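Q: Here it is: the structure, laid out below.
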Amino acid sequence: MSEQAESRLSLNEISDFAKFQSPEYDNVVLQSDYATRATLSFYRFRQLGGGRSGKIENGRSDSRKGIHYVSDHPEVRILSLSVIALLILFESAANAYFFAQQSEFGLFGGLFQAAAVSLANVATSYFIIGFWGLRHASMPGSFRNADTGKIQLFSDRNIIKFFGFFAIAIGVILVLLVNLSAAHYRNILDLQALGQGFPDVATSTFPRFWMDGESCAAVLNSEVGKSIGSAATNAMCRPFALHSLDAMVLFALGLAISALATFEGRRADAPYPGFSDAARQFERARRDVQDALDEYYKSFNRIIARAMETQGDDLTPAQKNALRKAMDSAISPYKQLLTTDPEILEHEFQISKEVVTKVKFDQGKSRLERPRSRYETEGEE
């Protein structure tokens, strides 16, 4: 019995097994290194507010330039794009009904025409109006220099904001033209089927796209204007001169699908270009660290087996407890990457340390139950 006791490893020797290199521990170190760089990149982005020329002085940046909200974005972009695909399929199927009735190619021709119109409508609404337009136009502007107080129009934020309004204007015009052309195309098919002629005059008042009255009248009264190929001309010269109920329904349906696609495009990313990408990278790095920590803890039994092989006997509960504590101690620095330091919260969101301590630590716990923050120990040191 004494020989067996003498052969047992001490608690310090058992603890050394947690420090041995292993694939699981190496993966924790690797993922933590990547998470550290991702975290620094993310907070740097937040401090500068996405600007290329932002400066940080004395460890602080201008609070008016920073980003002080949590990025609201889809975790998987493919889900957002799948919604767009469903909108295209739905609108194509609905429009095919209206086009196929009078199309010389029947249902197949109507479906092809409807798919082309739907793709143009949804893509324009999603990318130009929603993703590039509304998203960038909602960015807070920076019309006054923080240092000099002078008015500045061409800052990074303002250029992006102006680009957003420009994209909205272009996108709305394109969406109206696409849907009005489709509606007039359907209207022309109905008029031809009924043997009725086209109106001879253009719209004399607004709305009319780009073309003056004389040019519209000349085009509409030409051979092309009196044929089925005049849908786009009708859309520009007399946009709302629709005489068919099917054409009106087709136009309303196109606008409704356009609104849904615009909404999806607006919520696809944060207003600041690149902020959602930085946030996704930050979140993914933290998840990878958590997965690496889980794998490391799962290697506990393998470490025990290695210690048993060295000792030649089963480990006692005290030895297993010492080994587990040694594992916790070995990865404790990397666990801190899974939480946000209170000083960072105070700096990034520009709020007092009392509020940070209250929100982060109090959460219904008593003073004895919760961990003590760095702020609470400042006065004691």
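Q: Return V28, V355 ranked ascending by Cβ neighbour count within 10 Å, so the fewest neighbours appear first.
A: By the 10 Å Cβ count, ascending: V355, V28.
Q: Would you mind ranking E24, E13, E91, E214 by Cβ crowding within 10 Å, fewest neighbours first? Before the final figure, lay out the partial values.
A: On the way: E24 19, E13 14, E91 25, E214 9.
Placing the least packed residue first, the sequence is E214, E13, E24, E91.
Q: How much length would be gained if the chain were fully extended between K353 and K325, taking 0.36 nm per residue of separation minus their Cα-Cα distance, in nm to one decimal?
A: Working: separation 28, 0.36 × 28 = 10.08 nm, distance 3.20 nm.
Stretched fully, the K353-K325 segment lengthens by 6.9 nm.
Q: Quick one: which of 309-319, 181-191, 78-88 comes out on top by average Cβ neighbours within 10 Å, and what's the full order, highest first? Numbers along the way, then the final one.
A: Values: 309-319: 13.0, 181-191: 23.8, 78-88: 14.6.
Averaged packing, sorted descending, gives the order 181-191, 78-88, 309-319.
Q: Distance in nm between label sites at H243 and E283, each 7 Å beyond Cα in the beta-carbon direction?
A: Result for the modelled spin labels: 5.4 nm.
Q: Sort R280, R135 so that the residue with the fewest other Cβ atoms within 10 Å of its own Cβ comes first and the one with the most comes last. List each step's numbers first, then the result.
A: Working: R280 19, R135 23.
Listing R280, R135 from fewest to most nearby Cβ atoms yields R280, R135.
Q: Just grab the label-to-label distance for S138 and S299, each label 7 Å out from Cα along the Cβ direction, in nm (one decimal).
A: Each label point is offset 7 Å from its Cα along the Cβ direction, giving 4.4 nm.
Q: Please compute the length gained on full extension between D72 and A232, using 0.36 nm multiplied by the number of residues separating them and subtracting their Cα-Cα distance. The partial results should precede the final answer.
A: Working: separation 160, 0.36 × 160 = 57.60 nm, distance 3.92 nm.
Separation in residues times 0.36 nm, less the Cα-Cα distance, equals 53.7 nm.
Q: Between A85 and L255, what is the label-to-label distance in nm when each label sits 7 Å out along the Cα-to-Cβ direction?
A: 3.1 nm
A short reminder: the numbers here are calculations on the coordinates, not readings from a lab. Not measured: the values here are computed from a predicted model. Using ideal geometry, Cβ is built from the backbone for each residue, glycine included, and neighbour counts are taken over all protein chains shown.
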